[in-house]
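Asker: Following this message is one structure expressed as C-alpha cells.
The values are calculated or read from the model by the stated rules, or taken from the named source; none is laboratory data. Computed from a prediction, not measured in an experiment: that's the story for all the values here. All Cβ positions, glycine included, derive from the backbone under ideal geometry; neighbour counts span all protein chains shown.
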C-alpha cells in the first residue's frame, strides 16, 4: 500500500502514525477548501464581469449557478461509479486539474459563451470531489475514525464556502489597487481576470498533495460492472436501498432549506436591518466560518463515539440531533433582533454542516466499499440539482405567495425552512427504525 496505510502506520499511538494521520487530515481539509473557493469566487467578481461584457442581470445570474449546477449534478453519478472502480487519488487529482483549468479559463474568457463553458468545466471537475473523497475515507480509516475524517473534510468545505467572498474580495481590491501591475502578462489583464488567474494556481498543487497520501487498498475486491448493473445492485440491496432513498429525501429537504437561507440572509440583513454590503460580508462570513469549523469536527467525534455503541445508527443519531437544532434555529430569524439572526445563523450552520458530515459518514460506514461511490454521488446529485435549483426560489415564492412586505424576508425564511426541517426530522426517525435491520457492510 502506498502512502499512509490503514494499518499500524496510522496508529495514533505511534509518533510516526500520528504525524501521517495529521497530514492526511490536512489534505482532506485543503482539497475542498480550494475547490469551494474556485466554485464560489465568481459571486464576488460578477459585477466587474458584467460591466466588461455588458451583461444583463439575468445573464450574470446564469453564470453564477446553472452551468455549474447542471454539469455537477449530472456528472457526479458517473464520477461515483469511477470512484467505485478505479483510483480515488487519481480521480480526485484529475478533478482538481479540471476545475482549476476551468477557473483559469474564466480569466481568459473573451466572450460570455466562453465564460459559461469555463464554469461548466469547474462543475465537471468538482463532480469528482464528494464521491471520491467518501470512498477514499472508507478505505483509509477504520470504522471508529471515519466520522472525524468526514467531519474534517466538511470543515474544509465550509471554510471554502465562507472564505470565498473574503478571499475573492481581498484579491480583487489588491488587483484594482495595482498590486499586480508590475507582473508580466498579468499587468495587461482586467483586475477580475487577475483574480481568477491567481486563485487558479493552488488547485494545480492539489494532485501533489494527493500523491503524498497514496491510494488505499480496498477492503473488498473491485467489480468492473456496467453502470446500470452497479445501480441495480445498490437498489436491490434491502433494507439498504430503502434507507438510502430516505437519506436522499432527508438530505434534499435540508439542502433546499439551507440554500434558501444562505441565499437570502444578505437580503434579510440589508432590507430589514439596513446593513451595508461590507458589514454584511464581514459579520456573516465570520459567523459562518466559525460555526462551520465547529460543526464538522463535532459531528465527526459524536459519530465515532456513537458508532462504537450503536453501530450504523450512530451517524443517524447525529443527523437527528443536528436537524433538531436547525428546527429550533429557523424561527429565531423572525424574532426581530439582529443578534438573534446571527445566533440563529451560528446554530443553523453548525447543525447543517454536522448533518451533512454525518450523512456521508453513514455512507462510509454502512455501505459496502463497491457501492460507496455511487451512493454518495446519488445523494450529492439530488442535493445539488434540487437544493441549488429550488432553495432560493422557495423563499421568493413564500415572500410573494404570503404577501409579506418586501423587507419581511425573515418571515418568508421561516415559512420556507421550518416545514422542510420537520419533514427531515420525520424521515430520520423512520430511518432509525429501519437501520436496526441493516446487515454489516460486508453482507449487504
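Asker: Tell me, yes or no, whether region 370-386 has at least one residue that is out of contact with any strand residue (DSSP E or B) (no Cβ under 8 Å at 6 or more places or on another chain), under 18 Å from residue 288 (Cβ atoms), assigned to a helix (DSSP H, G or I) and touching a residue at least 12 places away in the same chain (Cβ under 8 Å).
Answerer: So far as region 370-386 goes, no, none of its residues is out of contact with any strand residue (DSSP E or B) (no Cβ under 8 Å at 6 or more places or on another chain), under 18 Å from residue 288 (Cβ atoms), assigned to a helix (DSSP H, G or I) and touching a residue at least 12 places away in the same chain (Cβ under 8 Å).
Every residue, every condition in (1) over 25 Å from residue 174 (Cβ atoms); (2) touching a residue at least 12 places away in the same chain (Cβ under 8 Å); (3) touching a strand residue (DSSP E or B) at 6+ places or on another chain (Cβ under 6 Å), yes or no:
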{"site": "24", "(1), (2), (3)": "yes, yes, no"}
{"site": "30", "(1), (2), (3)": "no, yes, no"}
{"site": "34", "(1), (2), (3)": "no, yes, no"}
{"site": "74", "(1), (2), (3)": "yes, yes, no"}
{"site": "102", "(1), (2), (3)": "no, yes, no"}
{"site": "105", "(1), (2), (3)": "no, yes, no"}
{"site": "108", "(1), (2), (3)": "no, yes, no"}
{"site": "113", "(1), (2), (3)": "yes, no, no"}
{"site": "116", "(1), (2), (3)": "yes, yes, no"}
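Asker: In the set 216, 207, which member is at pLDDT below 85 and either outside any helix (DSSP H, G or I) or not assigned by TED's automatic domain parsing to the domain that holds residue 432 (or both)? Don't jump to the end; show me each part of the working.
Answerer: Working: 207 fails: at pLDDT below 85.
Sole residue among the options that is at pLDDT below 85 and either outside any helix (DSSP H, G or I) or not assigned by TED's automatic domain parsing to the domain that holds residue 432 (or both): 216.
Asker: I've got another one for you. Tell me yes or no: at least one residue of region 136-144 is farther than 24 Å from residue 90 by Cα, part of a helix (DSSP H, G or I) and modelled with pLDDT under 80. Full working, then the answer.
Answerer: To start, the set of residues in region 136-144 that are farther than 24 Å from residue 90 by Cα comprises 144.
In the following step, the residues that additionally are part of a helix (DSSP H, G or I) were identified as 144.
Applying the additional criterion that residues be modelled with pLDDT under 80 yields 144.
Scanning region 136-144, I find at least one residue that is farther than 24 Å from residue 90 by Cα, part of a helix (DSSP H, G or I) and modelled with pLDDT under 80, so the answer is yes.
Asker: Checking the condition surrounded by fewer than 19 Cβ atoms within 10 Å (Cβ to Cβ) and not assigned by TED's automatic domain parsing to the domain that holds residue 157, which residue from 331, 297, 315 passes?
Answerer: Details: 297 fails: surrounded by fewer than 19 Cβ atoms within 10 Å (Cβ to Cβ); 315 fails: surrounded by fewer than 19 Cβ atoms within 10 Å (Cβ to Cβ).
Result of the check over 331, 297, 315: 331.
Asker: Starting from residues that are touching a helix residue (DSSP H, G or I) at 6+ places or on another chain (Cβ under 6 Å) and in a loop (DSSP other than H, G, I, E, B), keep the ones in region 159-184 and report whichever is nearest to residue 280 (Cα to Cα).
Answerer: By that ranking, first place goes to 180.
Asker: Hey, another quick one. Taking the condition of being closer than 19 Å to residue 318 by Cβ, in a helix (DSSP H, G or I) and modelled with pLDDT of 60 or more, how many residues in region 427-444 meet it?
Answerer: Filtering region 427-444 for residues closer than 19 Å to residue 318 by Cβ gives 427-436, 438, 441.
Narrowing further to those that are in a helix (DSSP H, G or I): 427-436, 441.
Among the residues that remain, those that are also modelled with pLDDT of 60 or more are: 427-436.
Of the residues in region 427-444, 10 are closer than 19 Å to residue 318 by Cβ, in a helix (DSSP H, G or I) and modelled with pLDDT of 60 or more.
Asker: Another question, then. Testing residue 64 on (1) modelled with pLDDT under 80; (2) closer than 25 Å to residue 368 by Cβ, one condition comes back false. Which one is that?
Answerer: Result: residue 64 fails condition (2) only.
Asker: Here is a check on your reading of the model: is residue 149 in contact with a helix residue (DSSP H, G or I) (Cβ under 6 Å, 6 or more places away or on another chain), in a helix (DSSP H, G or I) and surrounded by fewer than 20 Cβ atoms within 10 Å (Cβ to Cβ)? Give the derivation first.
Answerer: Details: in contact with a helix residue (DSSP H, G or I) (Cβ under 6 Å, 6 or more places away or on another chain): yes; in a helix (DSSP H, G or I): yes; surrounded by fewer than 20 Cβ atoms within 10 Å (Cβ to Cβ): no.
For residue 149, the condition - in contact with a helix residue (DSSP H, G or I) (Cβ under 6 Å, 6 or more places away or on another chain), in a helix (DSSP H, G or I) and surrounded by fewer than 20 Cβ atoms within 10 Å (Cβ to Cβ) - is not met.
Asker: Which of (1) over 22 Å from the mean Cα position of the chain (by Cα); (2) at pLDDT 85 or above; (3) surrounded by fewer than 24 Cβ atoms within 10 Å (Cβ to Cβ) does residue 368 not meet, given it meets every other one?
Answerer: Status for residue 368: all satisfied but (2).
Asker: Then there's this: Say we look at region 232-276 and pick out the residues that are crowded, with 18+ Cβ neighbours inside 10 Å and at pLDDT below 70; which of these is farthest from residue 408 (Cα to Cα)?
Answerer: So, considering only residues that are crowded, with 18+ Cβ neighbours inside 10 Å and at pLDDT below 70, the one farthest from residue 408 (Cα to Cα) is 237.
Asker: Whether any residue in region 342-365 is part of a helix (DSSP H, G or I) and without any contact (Cβ under 8 Å) to a residue 24 or more places away in the chain is what I want to check. Steps first, please.
Answerer: To start, the set of residues in region 342-365 that are part of a helix (DSSP H, G or I) comprises 342-365.
Next, only the ones that are without any contact (Cβ under 8 Å) to a residue 24 or more places away in the chain stay: 343-344.
Yes, region 342-365 has at least one match.
Asker: Name the residue, out of 120, 105, 155, 101, that is modelled with pLDDT under 90 and outside the structural domain of residue 369 (by TED's automatic domain parsing).
Answerer: Working: 120 fails: modelled with pLDDT under 90; 105 fails: modelled with pLDDT under 90; 101 fails: modelled with pLDDT under 90.
Testing whether each residue is modelled with pLDDT under 90 and outside the structural domain of residue 369 (by TED's automatic domain parsing) leaves just 155.
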